[in-house]
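J.: One structure coming up, written as structure tokens, with questions to follow.
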Amino acid sequence: MQDMIITAGTIKKALLPASLSLLLAAALLSGCSQDSANEGADNAVSAAAAVSAQPSAEPAADPAAVETAETAYPLTVTDELGHELTLEEAPQRIFAPYLEDSLVVLGVKPVAQWANNGQGQAYLQDKLAGVPLLDFNSGLPSPEVVMELQPDLIVLHNANYAENGVYEQYAKIAPVYVFKQAAGDLDSSVTILGELIGKQEAAADGLAAYHQKVEAAKAELAPHMDGKKALIIRFNARGMFLMGSVYGGFVLADQLGIAKSELVAAENSLELSLELLPQIDADYIFLANDTANSGETFYNELTESSLWKSVPAVQAGHVYNVDDRYWLGGGVVAYSNVIDDVLELIAP
């Protein structure tokens, strides 16, 4: 069955548009002086489509209006959980676990990066050289560990991170901004981050370049995907799951406008059993094997089954292995990589 599955990595990798590539390079050069999936983070990001981030009334702004705006410090804002914080000056030492993707777009290196079992977000490592890994496999780091980082701003990418007294403990170390779910509204979260750290222009430029890429990709894919449906199957140690509008599914459905399978029309995630295979109605299927979380067993169980081999998309050769490291991630860089893969595989 393996010979019927195409891997994105076997096709020459499409590059980011020149504007976005140059933007990231320039931003990183200017930001280098500013000196990570535990289950909670995984579940929270998986709820991205269900919980839309609510931008703070003070820091959030019209993206078009922030292109020339400059942050004035001291800056007092209210985060998405209602906490007020004040930044006396532009933060230089930022701890924002699982928001590294957005920080990269802003040209900022954090004081430490999110990691799971000793691995950071692999697709970002070329841009996070020298940034220490901080393992979240057993939960959030203790206040003592965070204090050693000497941050002057802490940003928590979802409300779960702030539970069980974590917010109160971290707030004694540095100002803390909490998103309800940063992955739920990328435009809002990147814009807010830009204002907090005085990088509004970089935020606006990065988002503009990304949306330009989305529109170009939609136009290129339209002749291939008209009337077609796509589906992502994720594998990890707990089993196999159909993905709706989360992770790469958000890019396919919400960004590129590709129709979803009826199986996940109203679901963000649905556990997949072999008995459910005859109901798969997708024309294209993407397989994201979460290798860091031991998905190989379930991947083999699926792809070696006779029911799988009878699925129309499988018989048509429209099944593709994709890189879980960014197909199961969230952010401008991750989403741009997903778009590259879709173009390579569907419209080469």
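The values are calculated or read from the model by the stated rules, or taken from the named source; none is laboratory data. What you are looking at is a predicted structure, and each value in this text was computed from that prediction instead of being measured. A quick note on method: Cβ atoms are made from the backbone with ideal geometry, for glycine too, and the neighbour counts reach across all protein chains shown. Surface accessibility is based on the protein's heavy atoms, side chains included, excluding ligands, DNA and RNA. Shrake-Rupley method; radii C 1.70, N 1.55, O 1.52, S 1.80 Å.
Condition check ((1) open to solvent by less than 60 Å² (accessible area, probe 1.4 Å); (2) within 26 Å of the chain's Cα centre (by Cα); (3) under 23 Å from Val246 (Cα atoms)) across all residues:
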{"position": "Leu274", "(1), (2), (3)": "yes, no, yes"}
{"position": "Ala282", "(1), (2), (3)": "yes, yes, yes"}
{"position": "Leu287", "(1), (2), (3)": "yes, yes, yes"}
{"position": "Asp290", "(1), (2), (3)": "yes, yes, yes"}
{"position": "Ser294", "(1), (2), (3)": "no, yes, yes"}
{"position": "Glu301", "(1), (2), (3)": "no, no, no"}
{"position": "Glu304", "(1), (2), (3)": "no, no, no"}
{"position": "Leu307", "(1), (2), (3)": "no, no, no"}
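J.: With at pLDDT below 95, out of contact with any Ser or Thr (no Cβ under 7 Å at 6 or more places or on another chain) and either of a type in the set (A, V, I, L, M, F, W, C) or not in a helix (DSSP H, G or I) (or both) as the only criterion, which of Pro91, Pro59 stands out? Before the answer, list the steps.
T.: Details: Pro91 fails: at pLDDT below 95.
Result: Pro59 is the single residue among Pro91, Pro59 that is at pLDDT below 95, out of contact with any Ser or Thr (no Cβ under 7 Å at 6 or more places or on another chain) and either of a type in the set (A, V, I, L, M, F, W, C) or not in a helix (DSSP H, G or I) (or both).
J.: Only one of Ala217, Ala209, Ala222 is over 30 Å from Ala162 (Cβ atoms) and open to solvent by 20 Å² or more (accessible area, probe 1.4 Å); which? Even if it seems obvious, please write down each step before you answer.
T.: On the way: Ala217 fails: open to solvent by 20 Å² or more (accessible area, probe 1.4 Å); Ala209 fails: open to solvent by 20 Å² or more (accessible area, probe 1.4 Å).
Of the residues listed, the single one that is over 30 Å from Ala162 (Cβ atoms) and open to solvent by 20 Å² or more (accessible area, probe 1.4 Å) is Ala222.
J.: May I pose another question? From the list Val145, Val166, Val176, which residue is of a type outside the set (D, E, K, R) and within 24 Å of Gly107 (Cα to Cα)? Lay out the reasoning, then the answer.
T.: On the way: Val145 fails: within 24 Å of Gly107 (Cα to Cα); Val166 fails: within 24 Å of Gly107 (Cα to Cα).
Sole residue among the options that is of a type outside the set (D, E, K, R) and within 24 Å of Gly107 (Cα to Cα): Val176.
J.: Tally the residues that are open to solvent by 50 Å² or more (accessible area, probe 1.4 Å) and part of a loop (DSSP other than H, G, I, E, B), restricting the search to region 109-139. Walk me through it before giving the result.
T.: To start, the set of residues in region 109-139 that are open to solvent by 50 Å² or more (accessible area, probe 1.4 Å) comprises 117, 119, 125-126, 129-130, 132-133, 135, 137-138.
Then drop every residue that is not part of a loop (DSSP other than H, G, I, E, B), which leaves 117, 125-126, 129-130, 132, 137-138.
Residues in region 109-139 being open to solvent by 50 Å² or more (accessible area, probe 1.4 Å) and part of a loop (DSSP other than H, G, I, E, B): 8 in total.
J.: May I pose another question? In this structure, does Leu106 turn out to be within 21 Å of Leu207 (Cβ to Cβ), in contact with a strand residue (DSSP E or B) (Cβ under 8 Å, 6 or more places away or on another chain) and either at pLDDT 95 or above or open to solvent by less than 50 Å² (accessible area, probe 1.4 Å) (or both)? Before the answer, list the steps.
T.: Numbers: within 21 Å of Leu207 (Cβ to Cβ): yes; in contact with a strand residue (DSSP E or B) (Cβ under 8 Å, 6 or more places away or on another chain): no; either at pLDDT 95 or above or open to solvent by less than 50 Å² (accessible area, probe 1.4 Å) (or both): yes.
So Leu106 does not fit the description; no.
J.: Here is a check on your reading of the model: is Asn164 under 26 Å from Gly248 (Cα atoms) and among the polar types (S, T, N, Q)?
T.: Values: under 26 Å from Gly248 (Cα atoms): no; among the polar types (S, T, N, Q): yes.
No: the conditions fail for Asn164.
J.: Let me ask something else. Could you tell me which residue of region 163-195 is farthest from Thr86 (Cα to Cα), considering only residues that are under 20 Å from the mean Cα position of the chain (by Cα) and outside any helix (DSSP H, G or I)?
T.: Asp185
J.: Only residues that are in a helix (DSSP H, G or I), open to solvent by less than 70 Å² (accessible area, probe 1.4 Å) and within 27 Å of Ala115 (Cα to Cα): list them for region 309-326, please. Give the derivation first.
T.: First, the residues of region 309-326 that are in a helix (DSSP H, G or I): 309, 312-315, 324-326.
Filter again for open to solvent by less than 70 Å² (accessible area, probe 1.4 Å), leaving 313-314, 324, 326.
Answer for region 309-326, where residues must be in a helix (DSSP H, G or I), open to solvent by less than 70 Å² (accessible area, probe 1.4 Å) and within 27 Å of Ala115 (Cα to Cα): Asp324, Tyr326.
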